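Structure, as structure tokens:
The values are calculated or read from the model by the stated rules, or taken from the named source; none is laboratory data. Nothing here was measured: the structure is a model prediction, and the numbers come from that model. Backbone-built Cβ (ideal geometry, glycine too); neighbour counts: all protein chains shown. These area figures cover heavy atoms from the full protein model, side chains too; ligands, DNA and RNA do not enter into them. Shrake-Rupley method; radii C 1.70, N 1.55, O 1.52, S 1.80 Å.
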Amino acid sequence: MKEEENKRSKGKRYEMLAAGYLKGKGVKILEQNYHDRTGEIDLIGRDGDYLVFIEVKYRKNTRQGDPAEAVTAIKQYHIRQTAQYYLYSRRYGDIPCRFDVVSILGDEICWIKDAF
């Protein structure tokens, strides 16, 4: 249980770091750590005309690979399902959407727009 709490608090810390980074790039953060019965999305924001669903991944080093590589096809599927429910539940009409990844490797932040 303690390891899970540490993992969760570490994830939240890097989500906050990513949110700050994105705000500095002009993204308005609407939701942090959004979850519902279909899944979880780290950040949801507005970038110009786009509603953006953002997955945040952190790695201390490349020993386990690049953080962005951890956003697997299955993870992408779950994010899409959750995004679809979010759009429905918030009654968004025909709004352009994008799926981005913020990859944090050590101290380096990489924002991958339209990642999937």
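Between helix 73-89 and the chain there is an angle of about 40 degrees, using the helix long axis and the longest principal axis of the Cα atoms. What the Cβ-Cβ distance of Ile112 and Lys60 gives, at R0 = 25 Å and to the nearest 0.05, is a FRET efficiency of 0.85.
Backbone N atoms of region 16-58 closer than 11 Å to the 7 Å Cα→Cβ label point of Cys97 belong to residues 51-54. Between the helical axis of 2-24 and the longest alpha-carbon principal axis of the chain there is an angle of about 60 degrees.
For the chain, the convex hull drawn through the C-alpha positions has a volume of 106 cubic angstrom per residue.
For region 14-76, which whole percent of the accessible surface, found with a 1.4 angstrom probe, sits on carbon and sulfur atoms? All intermediate terms of the calculation are to be shown ahead of the outcome.
Working: 1610 of 3540 Å².
Looking at region 14-76 in its full context, I get 45 percent from C and S.
The relative contact order of the chain, computed from alpha carbon pairs under 8 Å that lie at least 6 residues apart in sequence, is 23 percent.
Between Leu87 and Leu17, the simple label model (points 7 Å from Cα in the Cβ direction) yields a spacing of 3.1 nm. Packing order of peptides 79-86, 106-113, highest average first: 79-86, 106-113 (average count of other Cβ atoms within 10 Å over each peptide's residues).
Please list, by residue number, everything in region 71-111 whose backbone N is under 16 Å from a paramagnetic label point 7 Å out along Cα→Cβ of Arg46. Only 87, 90-98 fall inside the zone, counting backbone N under 16 Å.
Heavy-atom accessible surface of region 29-96, averaged per residue, reaches 62 Å², computed with a 1.4 Å probe.
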